[in-house]
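First the structure, in the form of C-alpha cells, and then the observations on it.
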Amino acid sequence: MQDASNIASSKNQYIKQQRSSISGHHQTIITMFSQKSGFLLAAGLLTAGARIVTASDEPPIDTPSEAVLQFSEDPYAGQDKLAMIQNGIAHLAAIRYETTSFSSDNNAYTQVYGDFCVYDAQLNKGDDPSLYSTINEMILSSDHCGDYTYTLPLDEVVAAVSSHDADAGQNNPLLSGAIFHVGYAGAGLLSNTLATFEKTLVVSEHPAIHAALFACDDIHAKFSSADCSSLLQQKLFKDVITLATRNSDAKITHAYVKFRPDSTAYLPMVREIFPLVPWTFHYRDHETVLAKATQPKKNYCVYVRRQPSSVLAKKAEEYNLDLDGMTQEDLCALYLSTLLEVATQEHESSGTGKLVLYEQLLEVDFMLNELLPYLGLQAEIDADSATVSAKVEKSLSTKSSNRGGVKKWDANEEFVHISDKVRAASHLFMKNAMDAIGRM
C-alpha cells in the first residue's frame, strides 16, 4: 500500500500529465474514476442537468483516488480518442458546459465538452430490450466507462465525425420518432418494441440529450443568469442528437429517441428543431402516476424543487407557490401537471403528435394498427405481420425495465396504493390537465 506522501506525489504527477495533454491537437483529457458512481456523478448522469464547468478555458481536471492510481492501464491508452469516436468505438456519455457557453455575445456555443467512453450503444437490440432499456444501463454495464472517460470539445467532435461520415459515405439513420411521457405510462413498452426491429436504433433517456434541453434553465437556476441564447442551445441539441443517433450499420434506417419524463417541458423546442418528426406523449390516470412517482427511491420528481424548468417556474409564480415549501405530493403533482399541459397545448396548436393513454398502449391491435404505422413501420408490419404481432405481445407482457430480474408481467394485475395525500394532490394540481388531455 502506498503511503500518503507517495499518493500525493502520484496525484501531482497525474495532474501535470493531464494538463500537458490539453495542449495536444484535440485537447483530450483522460479522466479516471474509482467507481462507476463517481463517473456518473461527475458526468452529470445522476443530476438533473450536465455538470457546469467552472474553469475559463478548459474542462476541470479530477484527481484520482488511491484505488484508481493502482488500476491497470486503459486498454485504449495508445489510440487516438477522436478516431475512436469516428469509428464508433467510443460513444457520448454526457456533456459539460460553462455559465457563458451559450452567451448571446457568441456566434456559436463555446467551451462545451463531451464525455466519451467505450460501451455498446445497441445492447437493447438483443432478445430482451428490457434488460438494457436506457442508455444509463448500457453505460453502467461497461467496465471501461466505470474507470475511464475521454473529454473533448464537443464542436470539434461534431465537425470531425461529420467530415468522417461524408468521406466514408456513411448514411446515419434519420430521426423517425420522439417519445415523450409523464413516467410510468408505458413509454418504455413502446421503445422496447421499437428496438426489436432490425432497421431501428432506439436511444432511450440519454443524459446528454436531456442536459442539452435543460441547459439554459440549468444555468438560470444555478446562477440566476438570463444570458443564454436559445439558438445556440438548439444548435447544441441538434449536435447531441447527431452524436447519439449516429450509426454505421446500413441496415439501420430509423432512429427513435425516448426522452426522460421531465424533458416533456421542452417538447415545443424539439418540435421547432425537428418539425416533421412524429412524436407521441404517453400518460396515465393522474392518481396512479403520482402514486408511483412519489414512491421511496423513485421520487426523482422532488429534484425539480431546486432546478425547475422554465415552464414549472412560471406556473409556480403565476399561482404564487413556493416550491421549497411544498410537500412532496403537491410538488410532484404540480410538476406532472406541467408535462400534461405542454403536451396537450402542443398537440392542439400544431395538430401533430399522438396522445397515448396507458390503457390504449396495452392493446396489441392499437400498437399494430395505429402506433407503429404512425412511427414509420408499416412496411415491416406488411412484410411479416405475424412476427411483428409476436414481438408486440412479448414486449407488452414484459416489464419495460428488467434489470432487477423480473420477467413476465401483467399490467392488468398491477396494484398501486393511492394514499390520501396523493389523491388530494393529484386532484388539486392534475385533474384539470387530465380533463383537458382527455378531451383531445
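The values are calculated or read from the model by the stated rules, or taken from the named source; none is laboratory data. This one's a predicted model, so the numbers in the text were calculated from it and none came from an experiment. Positions of Cβ are backbone-derived with ideal geometry, glycine not excepted, and every protein chain shown enters the neighbour counts. With ligands, DNA and RNA removed, areas are computed over all heavy atoms of the protein, side chains included. Shrake-Rupley method; radii C 1.70, N 1.55, O 1.52, S 1.80 Å.
Could we say that HIS282 is under 20 Å from the mean Cα position of the chain (by Cα), touching a residue at least 24 places away in the same chain (Cβ under 8 Å) and open to solvent by 30 Å² or more (accessible area, probe 1.4 Å) here?
Here the answer is no, as HIS282 does not meet what is asked.
Quick check on my filter: what residues within the stretch 360-379 are in a helix (DSSP H, G or I), touching a residue at least 24 places away in the same chain (Cβ under 8 Å) and not hydrophobic (A, V, I, L, M, F, W, C)?
TYR374
Could you say whether any residue in the stretch 102-119 is open to solvent by 10 Å² or more (accessible area, probe 1.4 Å), closer than 18 Å to GLU205 by Cβ and of a type outside the set (Gly, Ala, Ser)?
yes
Take residues that are without any contact (Cβ under 8 Å) to a residue 12 or more places away in the chain and open to solvent by 10 Å² or more (accessible area, probe 1.4 Å) and tell me which of the helices (runs of 4 or more DSSP H) falling wholly in the stretch 136-199 contain 3 or more.
In the stretch 136-199, 154-168 are the helices (runs of 4 or more DSSP H) which contain 3 or more residues that are without any contact (Cβ under 8 Å) to a residue 12 or more places away in the chain and open to solvent by 10 Å² or more (accessible area, probe 1.4 Å).
When the residues of the stretch 247-279 are filtered to those that are closer than 20 Å to PRO129 by Cβ and among the basic types (Lys, Arg), which remaining residue is farthest from the chain's Cα centre (by Cα)?
For the stretch 247-279, the residue satisfying everything is LYS251.
Would you confirm whether any residue within the stretch 380-393 is assigned to a helix (DSSP H, G or I) and farther than 25 Å from ASP127 by Cβ?
Looking for residues that are assigned to a helix (DSSP H, G or I) and farther than 25 Å from ASP127 by Cβ, one finds none in the stretch 380-393, hence no.
Each row is one residue, and each column tells you yes or no for (1) free of Cβ contacts under 8 Å to residues at least 60 places away in the same chain; (2) surrounded by fewer than 20 Cβ atoms within 10 Å (Cβ to Cβ); (3) in a helix (DSSP H, G or I).
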site	(1), (2), (3)
GLU272	yes, yes, yes
THR288	no, yes, yes
ALA291	no, no, yes
LYS297	yes, yes, no
VAL304	no, no, yes
LEU312	yes, no, yes
GLU317	yes, yes, yes
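Considering only residues of the stretch 319-347 that are assigned to a helix (DSSP H, G or I) and of a type in the set (S, T, N, Q), which is nearest to PHE214 (Cα to Cα)?
The selected residue is THR338.
Looking at (1) assigned to a helix (DSSP H, G or I); (2) in contact with a His (Cβ under 8 Å, 6 or more places away or on another chain), which is the one condition that is false for LEU355?
Evaluating LEU355 over (1) assigned to a helix (DSSP H, G or I); (2) in contact with a His (Cβ under 8 Å, 6 or more places away or on another chain) leaves (1) as the failure.
Tally up the residues in the stretch 118-145 that are touching a Phe, Trp or Tyr at 6+ places or on another chain (Cβ under 6 Å) and not polar (S, T, N, Q), please.
Total meeting the criteria: 4.
Confirm whether TYR335 is open to solvent by less than 60 Å² (accessible area, probe 1.4 Å) and at pLDDT 95 or above.
Yes: the conditions hold for TYR335.
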